[in-house]
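Engineer: Next up is a structure, given as structure tokens.
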Amino acid sequence: MIDLVCGGQAGDEGKGKISAYLSYKGNYDYCVRVGGPNAGHTVVQNGVSYTLKNIPSGFLNPKTKLVLGAGAYTKTEWLLDEVKKTNTQDRLIIDPYAVLITDEQTQAERGASHFMNHIGSVGTGLGQAVKERIERRDIKFAKDEPLLKEFIQDVPELLNRCLDKGGDILLEGTQGIKLSLLHGEYPFVTSRDTTASTFLGEAGLGPKSVRDVYVVFKPYITRVGPGPLEKEISDEKELEIYHTKGHEIGSVSKRLRRVGEFEKRSASRAIMINNCTKIAITHIDMFPGNDRVKKEEDFTPEAKKFLADLRALSAQVYPHPKIALISTGPDMEDTLVL
Ligand code: IMP
Ligand code: MG
């Protein structure tokens, strides 16, 4: 069966950490990633931190094969660098139609004030590559790159054969509901839809084999670019705590993330549109006194109130998911299973 991990806010909810935890503890045959290198993900194991653009967060489990679907976008040198860092050359699989962003595309994006200033693009060239793909230009696919030849396989065939044999797949989504091209806060969005059904399509999977859809939330919300935040925090001292203890600095953009209070409206939409069956909370330790707490009873009243409010909200939104995972610190093991 397929489990999916989606972002419930504006990206950087900690999908990487949750995906790493699930795949390390679970028994997935494949961990699949779609989307572009603008979406960094951070995985910490025993104090060692990996900041990745494309390699799926499930790489920590040596039994899991790693897949980039046709809806993935990368750059050859960035990908090969990550393959080396994570020592995953013998278990990476790439769809022939995953797109390789060219230097020209990266430069075009970085030189366009519409992308960089108005939308606040990360500047990887993803938006430019998507634009050229939609225009049916002569873009570069993974199948066209000799350096990636050993990794190329028919991904839809492979993944669906795995499902047919009773295997399991973890599909790691990117960004969050507020950044969806379709359901987000246009024009302050990324160049793709960022919801569960699109992630499936981008991987070459259908909806019938989905078991759980995890949607990840922080108790607050961050944005690395321009665009709406319902209640933005402007107090500099308070912001500094988010930027230091919360590590709220763009992993690819290196920008200090803007911070706002938790938004019920976007949370409801994320639950609904993703068909969320399980909620994962990260950064609960940003409420003082909750670092590495091992039992829900031991959370502080502030953290307990946040969880109670979220449960009340999800009781009202179809399909009424339960809170399943709570992250109490950056390390993969700092995770509470409810
Ligand atoms: P682009 O996708 O690089 O064009 O960026 C469009 C908008 O989405 C900008 O505001 C970016 O900061 C934001 N964005 C893109 N990817 C991510 C991400 O992975 N996390 C957070 N924000 C992102
Ligand atoms: Mg990120």
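Engineer: Out of region 222-276, which residues are touching a strand residue (DSSP E or B) at 6+ places or on another chain (Cβ under 8 Å), of a type in the set (Lys, Arg) and either under 30 Å from Leu200 (Cβ atoms) or in a helix (DSSP H, G or I) (or both)?
Structural biologist: Arg223, Arg257, listed by residue number.
Engineer: Next question. Say whether the condition of being under 28 Å from Ser49 (Cα atoms), open to solvent by less than 30 Å² (accessible area, probe 1.4 Å) and either in a helix (DSSP H, G or I) or at pLDDT below 95 (or both) is met by at least one residue in region 87-102.
Structural biologist: no
Engineer: Here's a follow-up. List every residue pair whose Cβ atoms sit under 8 Å apart, with the two residues 6 or more apart in sequence or on different chains, where the first one lies in region 104-119 and is without any contact (Cβ under 8 Å) to a residue 40 or more places away in the chain and assigned to a helix (DSSP H, G or I) and the second, anywhere, is within 12 Å of ligand 1 (Cβ to nearest atom) and open to solvent by 90 Å² or more (accessible area, probe 1.4 Å).
Structural biologist: From region 104-119, the pairs are Met116/Arg110.
Engineer: Being more than 10 Å from ligand 2 (Cβ to nearest atom) and either out of contact with any Asp or Glu (no Cβ under 7 Å at 6 or more places or on another chain) or assigned to a strand (DSSP E or B) (or both) is the filter here; which residues of region 11-25 pass it?
Structural biologist: Lys17, Ile18, Ala20, Tyr21, Ser23, Tyr24, Lys25, listed by residue number.
Engineer: Right, Ala39: open to solvent by less than 20 Å² (accessible area, probe 1.4 Å), among the small types (Gly, Ala, Ser) and at pLDDT below 95 or not?
Structural biologist: Against the criterion (open to solvent by less than 20 Å² (accessible area, probe 1.4 Å), among the small types (Gly, Ala, Ser) and at pLDDT below 95), Ala39 qualifies.
Engineer: Within the set of pairs 6 or more residues apart or between chains, which connect a residue that is aromatic (Phe, Trp, Tyr) inside region 287-302 to a residue that is open to solvent by 40 Å² or more (accessible area, probe 1.4 Å) with Cβ atoms less than 9 Å apart?
Structural biologist: Phe287/Glu302; Phe299/Gly289
Engineer: Related question: How many of the residues making up region 158-185 are free of Cβ contacts under 8 Å to residues at least 12 places away in the same chain and acidic (Asp, Glu)?
Structural biologist: 1
Engineer: Mind checking which residues of region 217-231 are within 16 Å of ligand 2 (Cβ to nearest atom) and either in contact with a Phe, Trp or Tyr (Cβ under 7 Å, 6 or more places away or on another chain) or open to solvent by less than 30 Å² (accessible area, probe 1.4 Å) (or both)?
Structural biologist: If the condition is that a residue be within 16 Å of ligand 2 (Cβ to nearest atom) and either in contact with a Phe, Trp or Tyr (Cβ under 7 Å, 6 or more places away or on another chain) or open to solvent by less than 30 Å² (accessible area, probe 1.4 Å) (or both), then Phe217, Lys218, Tyr220, Ile221, Thr222, Arg223, Gly225, Gly227 are the ones that fit.
Engineer: Here's something else I'd like to know. Tally time: how many residues in region 202-214 are farther than 16 Å from Arg33 by Cα and either hydroxyl-bearing (Ser, Thr, Tyr) or within 16 Å of ligand 2 (Cβ to nearest atom) (or both)?
Structural biologist: Matching residues across region 202-214 total 1.
Engineer: While we're on this one: Please go through (1) under 25 Å from Ser180 (Cα atoms); (2) surrounded by fewer than 14 Cβ atoms within 10 Å (Cβ to Cβ); (3) among the basic types (Lys, Arg) for Lys278 and return the number of the only condition it doesn't satisfy.
Structural biologist: It fails just one condition, (2).
Engineer: So is Ser49 more than 16 Å from ligand 1 (Cβ to nearest atom), under 30 Å from Tyr242 (Cβ atoms) and either touching a strand residue (DSSP E or B) at 6+ places or on another chain (Cβ under 9 Å) or assigned to a strand (DSSP E or B) (or both) or not?
Structural biologist: Taking the combined requirement at face value, the residue satisfies it.
Engineer: Go through region 132-150 and give me each residue that's assigned to a helix (DSSP H, G or I) and either under 20 Å from the mean Cα position of the chain (by Cα) or surrounded by 17 or more Cβ atoms within 10 Å (Cβ to Cβ) (or both).
Structural biologist: The answer is Glu132, Ala142, Leu148.
Engineer: Determine whether Ala312 is modelled with pLDDT of 95 or more, over 25 Å from Gly16 (Cβ atoms) and open to solvent by less than 90 Å² (accessible area, probe 1.4 Å).
Structural biologist: Judged against the criteria, Ala312 is a match.
Engineer: Scanning region 190-216 for residues that are in a strand (DSSP E or B) and more than 14 Å from ligand 1 (Cβ to nearest atom), which turns out most open to solvent (accessible area, probe 1.4 Å)?
Structural biologist: Arg211
The values are calculated or read from the model by the stated rules, or taken from the named source; none is laboratory data. Everything quoted here is computed from the prediction, not taken from an experiment. With ideal geometry, Cβ positions are generated from the backbone for all residues, glycine too; neighbour counts draw on all protein chains shown. Ligands, DNA and RNA are stripped out before the accessible areas are found, and what is left, the full protein with its side chains, is counted by its heavy atoms. Shrake-Rupley method; radii C 1.70, N 1.55, O 1.52, S 1.80 Å.
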